[in-house]
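This report concerns only the one structure given below.
The values are calculated or read from the model by the stated rules, or taken from the named source; none is laboratory data. Treat the numbers as computed from the prediction; the structure is a model and nothing was measured. Here the Cβ positions follow ideal geometry from the backbone for every residue, glycine too, while neighbour counts run over all protein chains shown.
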Amino acid sequence: MTTPLAPLSQIPAEIVTVADYISYAQARMTPQAWAYLTGGAADERLLHRNESAYQRYQIWPRVLRDLTAAHTRVSLLGKEYAYPIFLAPVAYQRLAHPEGELATALAAAAMQTPFVVSMQSSTDLAVLAAQAPGPQWLQWYWQPDQQASARLLTQAVQLGVEAIVLTVDAPVNGVRNREQRAQFCLPAGVEAVNLRGFAPQPALVSQAGQSPLFGTGFLQTAPTWAQVAEFIQDCPLPVFLKGILHPGDARQALEIGAAGIVVSNHGGRVLDTAPTPLQALPAVVQAVGASIPVLVDGGIRRGTDVFIALALGAKAVLIGRPYMYGLAAAGAAGVAHVLHILRTELEVTMALAGCHNLDAIQRDCLGDAY
């Protein structure tokens, strides 16, 4: 196995798209870490469909529109953000770069966009708040250790975390064959540092790494709607539910008081035969109306993809793998550059579609490609 290359000290001029980062990122990660970052469930059909779903749509160019005072600002949770591209939670980011989540948080702060820190972050939440002050949300997995959960939630509030993003679509890990073939395991020095002190949970996969173990008792600790409703009621921060695809689940999320929804299929890492987020988005938006904001992630690689998601009703989008490519290749500068690329592409698309702000991006901006 070859030793991964050192991160880039400066970004080569030939990197001008998200896709251009991929080869640079792969060269700077171990095969095991690369399998973890880029792999999906089973045959990875959904992983590819998440991206190809955007090819269904065309964007109608419109001409001679007044673009005076055009902007990309979006209001969410009573706050205004410069543009609707946020950083999704990705666990164990020190697999990709020695500075891990700190580099990502620094880039997010510099680019003025929210970073959803994974509960399985390999960098302490307090370090991120102290060294990279910017808008941070905290992704959350249900934990049966309620005392430790309460301590971490209290810390998050004290550190200025703006929202909780509760992941609800992974009561078990997906069967990720690429990870299995690579024999992925966390290397020494990389761990979920914010979960220190939590009671250990039953293993999700067998010792051989072949399949979820339903006999471990883990499913007996997975949350129900009633428990999530209680969590939302007691949580001092707004709670988004991440992993909603079915409109019936969207309506139930609204009923129990969710502050918002993230339409997501966990990056194609759980159920290979699930719908894509883009397929599910219009029905979810219709189910909740304007009552709560709907965000979406999965498969976004271009600013045109962001535009399409907004036209189908998303308030904002989250990206995961794209910024991780930038992180692995060039640290904080790479993450910031990926955000800059996507924001620039979105702005150009808006101008060519005659949209001076995000509210002007509507369903009639799109045509069907096939």
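Among the residues in the stretch 59-77, are any at pLDDT 95 or above and under 30 Å from N177 (Cβ atoms)?
no
For the stretch 163-182, name all the residues that are under 30 Å from G78 (Cβ atoms), touching a Pro at 6+ places or on another chain (Cβ under 8 Å) and not small (G, A, S).
Within the stretch 163-182, the subset under 30 Å from G78 (Cβ atoms) is 163-170.
Keeping just the survivors that are touching a Pro at 6+ places or on another chain (Cβ under 8 Å) gives 163-165, 167-168.
Result: I164, V165, T167, V168.
Checking the condition among the hydrophobic types (A, V, I, L, M, F, W, C), more than 22 Å from the chain's Cα centre (by Cα) and surrounded by fewer than 23 Cβ atoms within 10 Å (Cβ to Cβ), which residue from A150, A132, A109 passes?
A150
Of all residues being of a type in the set (G, A, S) and buried (at least 19 other Cβ atoms within 10 Å of the Cβ) in the stretch 153-177, which is farthest from D297 (Cα to Cα)? Just the residue, please.
A156
I need the full set of residues from the stretch 155-174 which are aliphatic (A, V, I, L, M) and over 20 Å from the mean Cα position of the chain (by Cα), in order please.
Of everything in the stretch 155-174, those that are aliphatic (A, V, I, L, M) and over 20 Å from the mean Cα position of the chain (by Cα) turn out to be V157, L159.
Assuming D297 fulfils every condition listed in (1) in contact (Cβ under 8 Å) with a residue 60 or more places away in the chain; (2) out of contact with any strand residue (DSSP E or B) (no Cβ under 7 Å at 6 or more places or on another chain); (3) not basic (K, R) apart from one, which condition is it?
Of (1) in contact (Cβ under 8 Å) with a residue 60 or more places away in the chain; (2) out of contact with any strand residue (DSSP E or B) (no Cβ under 7 Å at 6 or more places or on another chain); (3) not basic (K, R), only one is false for D297: (2).
I'm trying to understand the selection: among the residues of the stretch 288-303, which are surrounded by fewer than 24 Cβ atoms within 10 Å (Cβ to Cβ) and farther than 28 Å from A27 by Cα? Give the derivation first.
Residues of the stretch 288-303 that are surrounded by fewer than 24 Cβ atoms within 10 Å (Cβ to Cβ), as a first pass: 288-293, 301-303.
Residues satisfying the conditions are V288, G289, A290, S291, I292, P293.
Restricting to the stretch 53-88, name every residue that is in a strand (DSSP E or B), of a type in the set (S, T, N, Q) and over 30 Å from G134 (Cβ atoms).
Q58
Can you find, within the stretch 53-81, the residue that is farthest from F307 (Cα to Cα) among those that are small (G, A, S) and in contact (Cβ under 8 Å) with a residue 40 or more places away in the chain?
A69
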